[in-house]
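Q: Handing you this structure, nothing more for now.
The values are calculated or read from the model by the stated rules, or taken from the named source; none is laboratory data. Only a predicted model underlies this, so the values are computations on that prediction, with no experimental measurement involved. Neighbour counts are summed over all protein chains in view; Cβ atoms, including those assigned to glycine, are modelled from backbone coordinates with ideal geometry.
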Amino acid sequence: MDTVYNSLESTLQLQGNGKATKNKLSMVVFSGDMDKVMAALIIATGAAASGMEVSMFFTFWGLKAIEKPGVMTGKGLFGRMLGVMNRGGLDAIGPSRLNMGGLGRWMFKKMMNAKGVSTLPELYEMAVDLGVKMMPCQMSMEVMELDPGVFQPNVTPPVGVAAFLEEASESKATLFI
């Protein structure tokens, strides 16, 4: 019985509120900027590689990171306009500063390659291989007129904020990027 208890104790900890938490990280990915998505994926893969269960909740501009490349989005006029102006896919997103019409994205990719830094698609694949859960926000999808078919195949069905809050309530750490 001691072995079972010690194993359970190493998996679960009690927070000050008395609620059991798991060795888990929950993350809100709100930004679709290259540098912020990269930071989110680096943290997610690092946590997953160290044995943590990781859930990433993609909302608003962060949804760009889980879209298939080159897929047009939107149903109405505004949704289609947004889809044209805000192309998704990891290779289409630019840095939060100094994008300069795509030149910044090209520069950063060259600089990262020269330093041996993994690309966004490579980091994303590592996250998938490590079992990171990718959760799109239902409400953001509705506002931005995104169909679930525009997302990468490993993305969960859309969820509401309550589902993410349930994930976060069990986590040791919750981040907002």
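Q: Any residue in the range 64-78 that's assigned to a loop (DSSP other than H, G, I, E, B): show its pairings with residues that are of a type in the set (K, R) and surrounded by 11 or more Cβ atoms within 10 Å (Cβ to Cβ) at Cβ separation under 7 Å, as long as the two are six or more apart or on different chains.
A: Going by the 7 Å Cβ cut-off, the qualifying pairs are G74/R80.
Q: Same structure again: What are the residues in the range 131-156 that are assigned to a helix (DSSP H, G or I) and either acidic (D, E) or crowded, with 19+ Cβ neighbours inside 10 Å (or both), if any?
A: Matches in the range 131-156: S140, M141, E142, V150.
Q: Any residue at all in the range 20-38 that's modelled with pLDDT under 70 and not in a helix (DSSP H, G or I)?
A: yes
Q: Quick test for you: out of G94, G83, G116, pick the one residue that is crowded, with 16+ Cβ neighbours inside 10 Å and either at pLDDT 70 or above or part of a loop (DSSP other than H, G, I, E, B) (or both).
A: None of the other options fit; the residue is G94.
Q: In addition: In the set T174, T119, which member is more than 14 Å from the chain's Cα centre (by Cα) and β-branched (V, I, T)?
A: T119
Q: If you don't mind, there's one more thing I want to ask. Name the residues in the range 17-63 that are small (G, A, S), more than 23 Å from S169 (Cβ to Cβ) and crowded, with 18+ Cβ neighbours inside 10 Å, would you?
A: S31, G32
Q: Which residue pairs have Cβ atoms under 7 Å apart, sit 6 or more places apart or on different chains, and have a first residue in the range 149-177 that is closer than 30 Å to M72 by Cα and a second that is in a strand (DSSP E or B) and basic (K, R)?
A: What qualifies is T156/K133.
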